[in-house]
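A.B. asks: Would you mind keeping the following structure in view while I ask a few things?
Just so it is clear, none of the values below were taken in a lab; they were calculated from the coordinates. Please read all numbers here as calculations on a predicted model, not as lab measurements. Please note: Cβ atoms are built from the backbone with ideal geometry, for glycine as well, and neighbour counts cover all protein chains shown.
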C-alpha cells in the first residue's frame with residue numbers, strides 16, 4: 001500500500017487507456033523506413049491523496065515504433081502490435097506500483113525500479129526481436145504525463161508551479177549525480193532550472209522529411225489535394241517559416257550534401273534564418289559528418305553559418321556505441337536525441353563530446369525534467385524536439401519548450417502530416433496547431449495540470465480499458 005509522507009502526496013488509483021489511429025496525409029521517412037499512419041495512446045489516470053480526494057489527468061503520446069524500434073525483420077504493424085500489448089502490461093504495473101509522492105517521485109520510482117524488470121520479463125515472452133528501452137519509455141510516457149496532469153488537477157495548480165520544494169519531498173540530489181564537484185544538486189529543485197519569464201510565443205521548426213518535395217517539380221501527382229501545402233516552398237510561404245530541420249540519410253554523403261544545399265537555398269530566398277541537420281542515427285564514423293560540414297563551410301559558407309546544430313548522427317544505443325564525437329562538435333553544436341533516454345545517458349554523451357540535448361516529453365515528463373536539470377547544471381544547451389505530436393500530446397511538448405529555455409523555440413510538425421487529426425483540440429488551442437509567422441502561440445493554455453482544458457475539447461477518447469490495482 002502507498003504511504004503518504006506529506007499532505008500534497010498522491011498515489012495512482014486507476015488508469016484507463018485507449019488507442020487512437022491516424023492516417024498521415026504525407027509519408028514521413030524515419031531512417032530506412034517510411035510511415036503513412038500513426039497510433040496514439042491516450043491515458044486517463046485517477047490519483048488520490050491521503051484524505052481520499054481524487055482527480056483525473058490525461059496523457060498522450062504517439063507510439064512511434066519506426067523511430068524507437070528500427071527493425072530489419074519486423075513490419076511496422078508487427079512492432080505496433082507488440083508495443084500495444086506492452087502498453088496493457090504497463091497500465092497494470094503503473095497502478096500496482098506502491099510509489100507515492102509528487103509525480104516526479106512516482107515516475108522516477110517506476111522507470112528506475114519497475115520498468116527494467118517488466119520489460120525484461122515481457123521480452124522473454126516474445127519470440128521476435130526484443131522491444132528496445134526507448135520504445136518502452138515512449139509507452140510509459142503517457143502514464144507519466146497523465147499522472148503529472150492529475151496532480152495539477154488535484155491541487156488546482158499549473159503543474160509547472162509544483163516542481164518546487166513545497167511539493168517535492170526530495171531535492172534533485174536524490175535523483176541526479178553531478179559529473180564532478182563543481183556542481184551540486186543539494187537543495188536544488190526542478191524549478192531552479194526553469195526560466196523565470198515563460199514566453200507565450202515560440203519560434204517553430206518545420207521538419208523537411210527525406211521524401212518531402214521542395215518544389216512543384218519534385219511532386220509526383222500522388223500528393224494530397226486537401227487545401228494544405230505540399231512543397232517546402234508552399235509551407236514557407238503559408239506559415240512564414242524561419243527554422244527548418246533537414247532529415248538526412250546518413251549513408252549517402254552526396255545526397256545529404258545536396259539536400260542541405262537545396263533546402264538552404266530556399267531558406268535564403270525567403271530570408272529564413274536557421275537550419276538544423278538530422279542524420280537519424282545512421283552514421284557510424286564522425287568523418288562522414290565532418291566531411292559534409294567541411295564541404296559546406298568551404299563551398300557554401302552562407303548555408304554553413306545558418307546551421308544552428310547537428311542532431312544525433314550516431315546510433316542511439318550510446319552504451320554499445322561509445323563513439324568519440326568531439327571532432328563534430330568542434331564544427332557545430334552536436335545534440336543528443338534518441339540517445340538521451342535519461343540524464344545518465346546525457347552524462348555519458350557529455351563525456352564523449354556531445355554538446356547539447358534535445359528533450360522529448362515522449363521519454364516521460366519526469367525524465368525530460370531531470371535531464372533538463374542535469375544538462376543545464378553542466379552548461380549543456382537544450383532543444384525540445386517533436387515526435388510528430390498531435391492532439392493533447394502537443395500541449396506538454398510546447399510547454400516543456402517554453403519552460404526549458406531552448407536555444408531556439410520548439411520543433412512541431414504534426415500539422416504537416418495529420419493536421420485534421422487535431423481539429424477538436426485546435427478549436428480550443430488554435431495557436432498550437434497552426435504556425436503563424438513562424439511562431440506557435442501558447443496563450444490559450446491555462447488552468448490546472450497542463451492546461452489542456454479537456455472539458456472544452458469535443459474529443460471521443462475511444463474505447464477505453466480500465467486497470468485498477470491488484471495489490
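A.B. asks: I need the semi-axes of the equivalent ellipsoid of region 212-306: take the C-alpha gyration tensor, multiply each eigenvalue by 5, square-root it, list largest first in whole angstrom.
C.D. replies: Numbers: eigenvalues 126, 53, 22 Å².
Semi-axes, largest first: 25, 16, 11 Å.
A.B. asks: Translational diffusion coefficient of region 312-471 at 4 °C, 1.567 mPa s, Stokes-Einstein with Kirkwood Rh over Cα pairs, in µm²/s as a whole number.
C.D. replies: On the way: Rh = 17.2 Å.
In µm²/s, the coefficient rounds to 75.
A.B. asks: Which percent, to the nearest 5, of DSSP beta bridges fully inside region 190-449 are antiparallel?
C.D. replies: Numbers: 4 of 26 bridges.
Roughly 15 percent of the beta bridges in region 190-449 run antiparallel, per DSSP.
A.B. asks: Determine the distance separating the Cα centre of region 265-301 from the Cα centre of region 1-28; give it in Å without decimals.
C.D. replies: 38
A.B. asks: If you average the C-alpha positions of region 363-383 and of region 385-399 separately, how far apart do those two centres end up, in angstrom?
C.D. replies: The two parts, judged by their Cα centres, are 17 Å apart.
A.B. asks: Please sort 151-157, 335-341 by packing, taking for each peptide the average over its residues of neighbouring beta carbons within 10 angstrom, highest first.
C.D. replies: Details: 151-157: 20.4, 335-341: 25.1.
Highest mean packing first, the order is 335-341, 151-157.
A.B. asks: OK, next. Using a basic spin-label model with each label point 7 Å from the Cα along Cα→Cβ, how many nm lie between residue 181 and residue 126?
C.D. replies: The two pseudo-label positions are separated by 4.5 nm.
A.B. asks: Between residue 85 and residue 218, how high is the FRET efficiency from 1/(1 + (r/R0)^6) when r is the Cβ-Cβ distance and R₀ = 60 Å? Nearest 0.05. Mind showing how you got there, number by number?
C.D. replies: Numbers: r = 39 Å, r/R0 = 0.66.
For R0 = 60 Å, the calculated efficiency reads 0.95.
A.B. asks: Stretch residue 228-residue 321 to full length: gain in nm at 0.36 nm per residue minus the Cα-Cα span?
C.D. replies: Numbers: separation 93, 0.36 × 93 = 33.48 nm, distance 4.07 nm.
Taking 0.36 nm per residue and subtracting the Cα distance, the gain is 29.4 nm.
A.B. asks: Taking square-rooted eigenvalues a ≥ b ≥ c of the alpha carbon gyration tensor, is region 39-144 rounded, prolate or oblate, where a/c under 1.5 means rounded and, failing that, a/b exceeding b/c means prolate?
C.D. replies: Working: a/c = 2.62, a/b = 1.87, b/c = 1.40.
Prolate shape, in that a/c is at least 1.5 and a/b is the bigger ratio.
A.B. asks: Another question, if that's okay. With an 8 Å cut-off on Cα pairs and a minimum separation of 6 or more residues, tell me the relative contact order of the chain in percent. Before the final figure, lay out each step's value.
C.D. replies: Values: 948 pairs, mean separation 93.2, N = 471.
So the answer I get is 20 percent.
A.B. asks: In whole Å, how far is the Cα centre of region 426-453 from that of region 226-261?
C.D. replies: Cα centroid to Cα centroid, the span is 25 Å.
A.B. asks: Among 46, 84, which comes first, second and so on when ranked by fewest other beta-carbon atoms within 10 Å? If you can, show how the numbers build up before the last one.
C.D. replies: Details: 46 22, 84 16.
Listing 46, 84 from fewest to most nearby Cβ atoms yields 84, 46.
A.B. asks: Turning to a different aspect of this structure: Can you give the translational diffusion coefficient of the chain in µm²/s, computed by Stokes-Einstein from the Kirkwood radius over Cα pairs at 20 °C and 1.002 mPa s? Don't jump to the answer; show the numbers that get you there.
C.D. replies: On the way: Rh = 22.5 Å.
Approximately 95 µm²/s, per Stokes-Einstein.
A.B. asks: Another question, if that's okay. List 255, 235 from most exposed to least, where exposure is judged by having the fewest other Cβ atoms within 10 Å.
C.D. replies: Details: 255 13, 235 23.
If I rank by nearby Cβ atoms, fewest first, I get 255, 235.
A.B. asks: If you don't mind, there's one more thing I want to ask. May I ask for the angle, rounded to the nearest 10°, between helix 133-155 and the longest principal axis of the chain, with both axes built from Cα atoms and the value confined to 0 to 90°?
C.D. replies: Approximately 50 degrees, to the nearest ten.
A.B. asks: Report the rotationally averaged projected area of region 190-449 based on its alpha-carbon convex hull, in square nanometres.
C.D. replies: On the way: hull surface 55.0 nm².
Average of the hull's projected areas for region 190-449 equals 13.8 nm².
A.B. asks: Considering only the chain, what is the antiparallel percent among its DSSP beta bridges, to the nearest 5?
C.D. replies: In the chain, approximately 60 percent of DSSP beta bridges are antiparallel ones.
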